[in-house]
Amino acid sequence: MNYFPDEVLEHVFDFITSHKDRNSVSLVCKSWYRIERYSRQRVFIGNCYSISPERLIARFPGLKSLTLKGKPHFADFNLVPHDWGGFVHPWIKALAKSRIGLEELRLKRMVVSDESLELLSKTFVNFRSLVLVSCEGFTTDGLAAIAANCRFLKELDLQENEVDDHRGHWFSCFPESCTTLVSLNFACLKGEINLGALERLVARSPNLKSLKLNRAVPLDTLQKLLMRAPQLVDLGTGSYVHDPSSEVYSKLKSAIQRCKSIRSLSGFLEVAPRCMSAIYPICGNLTFLNLSYAPGLRSTMLTKLIQHCKKLQRLWILDCIGDKGLGVVASTCKELQELRVFPSDPFGAGNAAVTEEGLVLISAGCPKLNSLLYFCQQMTNAALITVAKNCPNFIRFRLCILEPTKPDHVTNQPLDEGFGAIVQSCKGLKRLSLSGLLTDQVFLYIGMYAEQLEMLSIAFAGDGDEGMLYVLNGCKKLRKLEIRDCPFGNAALLEDVGKYATMRSLWMSSCEVTLEGCKILAERMPSLSVEIINESEQTEFSLGDRQKVDKMYLYRTLVGDRMDAPEFVWIL
Amino acid sequence: MSMDTVKTKKITLRTADKEEFEVDEAIAMEFGTVKSFLLENPESEDPIPLPNVSSKCLSTIIEYFTSHLAFRGSSSEEDEAKAYNEQFVKAQDNESIKELILAANYLDIKDMLDELTQAAADRLKNKSVEYARRFFGVENDFSPEEEAALREEHKWAFEGVDPDED
């Protein structure tokens, strides 16, 4: 047996980067465990309550990059109350106390305070990258601290956060010495921005590759920014409104033409359709186009634009593109892998913008399609069966028929067969979202065929406990299950409690599960945290065991019940 | 002027199994330990002992550098070197990779060590813990409880990135 010096093993481990492989390596023997844990730099924690910051720090003192996720996914549909939890402060406090040299922090659905941001910015001298997705609790004052104190900041990426905007001044907090920016995204901010400070910042950031502006940045500033940063790869425009006959517009046209590296385009938060022709010269290079925040673009304009985008791999668009528009996508974008069609009018009277026809056209024209999010008014089994045949490579398939329990609009049958065809055909399917009228049959299919399924979202579906059991028994790789408004009760919940230790989490709301059922589950599985979220007037003591639980969220945890739960959350 | 002064200087290296190799100075200087030795002992004519390197290893390493030096200066040097390295690494079985890593580490050959450790890492990717143990000839010294606790920690807390991006 050869003797490998520690530094040689460490050298080998340098090239082992996936979390799964690093976990394997650390299990080989005690000395490997030791070497690996000192050299692991990146950690992903899918549920911030599954482990404590202290344990993280104890195990990985060399940590540089941390990703944390907080609230469950259904928070996106306003099903999780505001103060439920997911606070990042204890993590930042613990990291600050330790000797960890944090450089990157990525948070999703967490509560972030200005205090946290300030502590972060002042503690970690090498901090480089902050990515906040669907977070809340902070204001632009917190951003000012990041701008002012993080001397080597490379990335500040704010996606879909709820930020209290105290207007403009935070931008001026980037010091003159800050020249390291590579990525800056403040599109979700609602307030004014110091445009002069923005221009100067971009001018002194030669490495800037990604820039996404908010609504407050007008077109003439965009033109000046593009003149300074023709090397951009990823651009999100702010307000895109001007008089197409103006000199500013003409300058913009030439500025855009110089941006030969742009591969990703988004924004158009406010848009004058007649100005879109300036974009045409760079459309041929685009691999990602996101027009989901541009309701000002109608179908004909969208179609015209897309006809120039032959290399598109990802397209996010509003349903006003219509089925015909999707037909144009299908015939133009042969490289398309991901399509997201968002509702422009989710509560509308059903101006049937996209239907099953558009989806079928896409499936026929885009054989590489592997990821779909499709909001529509209606669907048929026949269409889904065709889609399944045309596109066997789906990894993510999320179909959202806006009206709950809507059947196949031609046959009036449930959509069991359609979804059944999808799971049978797409052997690599990892993520599935169901909608429409569905019986237990669809769950039978899912349990039988969806062998790689990791995340499943169900709403207003099924006949009884059998449905849920098919899924729990069949899907061996299931990690996250979220259910709302389904007739699943205690029998399904309690049949195989050990299953939940193999999953990250289970969410059930407005189902048939009672308090008693949840209590039994919590008792049998002490390693799970079973939370009851009860927003009604009733206190803990008056809710009878037989009463149905409004919202239950359970997850496995290594550190017992959390201490930061608000009043309306009871942990059993 | 005699032809000898134009001839490339040769350095003699003696391996662990007492074999002697005459190599061009250019190649010998790629080995950090040899280079340091020569700088400190410029006059020495004796064979340089390499007690931690086998003759099989050394001859493989010499072959590697002979090829690499031939690429030097050519216009497609980078591509040729890359292609050669791929083939070279592929041709080595697991035992050889391990031996070569130790030799390259001892001889202080940075670039080659990078290539070899990357190759070893690639062979471990997506493999089981048991495979990694066999590959490196390492015994498991965790108790069953310790191992189970670690596996749980990995699965529950440090599992890895979500494919769903939700």
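Evaluated against (1) more than 14 Å from chain B (Cβ to nearest Cβ); (2) modelled with pLDDT of 95 or more; (3) farther than 20 Å from A:ILE571 by Cα; (4) open to solvent by 10 Å² or more (accessible area, probe 1.4 Å), A:ARG109 falls short on exactly one condition, (1). Each residue in the range B:129-143 was checked for being more than 7 Å from chain A (Cβ to nearest Cβ) and in a loop (DSSP other than H, G, I, E, B), and 1 of them qualify. Checked against the criteria, A:LYS71 counts as of a type in the set (D, E, K, R), touching a Ser or Thr at 6+ places or on another chain (Cβ under 9 Å) and more than 9 Å from chain B (Cβ to nearest Cβ). Number of residues in the range A:245-298 that are touching a strand residue (DSSP E or B) at 6+ places or on another chain (Cβ under 8 Å), part of a loop (DSSP other than H, G, I, E, B) and of a type in the set (Ser, Thr, Tyr) equals 3.
Residues in the range A:159-174 that are modelled with pLDDT under 95 and in a strand (DSSP E or B): A:GLU162, A:VAL163, A:ASP164, A:GLY168. Looking only at the range A:483-509, residues that are open to solvent by less than 10 Å² (accessible area, probe 1.4 Å) and in contact with a Phe, Trp or Tyr (Cβ under 8 Å, 6 or more places away or on another chain) come to 6 in all. Counting only helices (runs of 4 or more DSSP H) that sit wholly inside the range A:68-158, those with at least 1 residues that are over 29 Å from A:VAL202 (Cβ atoms) and in contact with a strand residue (DSSP E or B) (Cβ under 8 Å, 6 or more places away or on another chain) are A:89-97. Looking for whichever is of a type in the set (Gly, Ala, Ser) and at pLDDT 85 or above here; the options are B:SER76, B:SER2, B:SER59. Which one fits? Selected residue: B:SER59, the only one of B:SER76, B:SER2, B:SER59 that is of a type in the set (Gly, Ala, Ser) and at pLDDT 85 or above.
Applying a threshold of 6 Å to beta carbon distances and a minimum spacing of six or more residues, or different chains, the list of pairs starting in the range B:131-157 at a residue that is on the phi > 0 side of the Ramachandran plot and ending at one that is in a loop (DSSP other than H, G, I, E, B) reads B:GLY137/A:MET1. Among the residues of the range A:405-425, the ones that are within 18 Å of A:GLN441 (Cβ to Cβ) and either of a type in the set (Val, Ile, Thr) or open to solvent by 50 Å² or more (accessible area, probe 1.4 Å) (or both) come to 8 in all.
When the range A:134-159 is limited to residues that are under 22 Å from A:VAL80 (Cβ atoms) and of a type in the set (Ser, Thr, Tyr), the one that is most open to solvent (accessible area, probe 1.4 Å) turns out to be A:SER134. The set of residues from the range B:144-166 being part of a loop (DSSP other than H, G, I, E, B) and open to solvent by 40 Å² or more (accessible area, probe 1.4 Å) comprises B:VAL161, B:GLU165.
Any residue at all in the range B:8-17 that is of a type in the set (Val, Ile, Thr) and open to solvent by 70 Å² or more (accessible area, probe 1.4 Å)? There is at least one residue in the range B:8-17 that is of a type in the set (Val, Ile, Thr) and open to solvent by 70 Å² or more (accessible area, probe 1.4 Å). Looking across the range B:24-51, the residues that are in a loop (DSSP other than H, G, I, E, B), surrounded by fewer than 17 Cβ atoms within 10 Å (Cβ to Cβ) and not polar (S, T, N, Q) come down to B:MET29, B:PRO42, B:GLU43, B:GLU45, B:ASP46, B:PRO47, B:PRO51.
Within the set A:SER177, A:SER183, the sole residue that is under 26 Å from the mean Cα position of the chain (by Cα) and either at pLDDT 95 or above or surrounded by fewer than 20 Cβ atoms within 10 Å (Cβ to Cβ) (or both) turns out to be A:SER183. Could you tell me whether A:SER31 is surrounded by fewer than 20 Cβ atoms within 10 Å (Cβ to Cβ), at the interface with chain B (Cβ under 9 Å from one of its Cβ atoms) and of a type in the set (Gly, Ala, Ser)? Here the answer is yes, as A:SER31 does meet what is asked. Of all residues in the range A:37-64, which are open to solvent by less than 50 Å² (accessible area, probe 1.4 Å) and either over 30 Å from the mean Cα position of the chain (by Cα) or facing chain B (nearest Cβ under 7 Å) (or both)? A:VAL43, A:PHE44, A:ILE45, A:GLY46, A:SER50, A:ILE51, listed by residue number. If you go through the range A:445-464 and keep only what is open to solvent by less than 60 Å² (accessible area, probe 1.4 Å), of a type outside the set (Gly, Ala, Ser) and touching an Asp or Glu at 6+ places or on another chain (Cβ under 8 Å), you end up with A:TYR445, A:GLU454, A:MET455, A:LEU456, A:ILE458.
The condition of being without any contact (Cβ under 8 Å) to a residue 12 or more places away in the chain, on the phi < 0 side of the Ramachandran plot and out of contact with any Pro (no Cβ under 6 Å at 6 or more places or on another chain) holds for only one of A:SER52, A:SER24, that being A:SER24.
Please find, among A:ASP83, A:ASP21, A:ASP14, the residue that is away from every other protein chain (no Cβ under 11 Å) and farther than 26 Å from A:LEU432 by Cβ. A:ASP83 is the lone residue from the list that is away from every other protein chain (no Cβ under 11 Å) and farther than 26 Å from A:LEU432 by Cβ.
The values are calculated or read from the model by the stated rules, or taken from the named source; none is laboratory data. None of these values were measured; they are calculated from a predicted model. Virtual Cβ from ideal backbone geometry, glycine too; neighbours counted across all protein chains shown. Note: accessible area is taken over every heavy atom of the protein model, side chains too, but ligands, DNA and RNA are not part of it. Shrake-Rupley method; radii C 1.70, N 1.55, O 1.52, S 1.80 Å.
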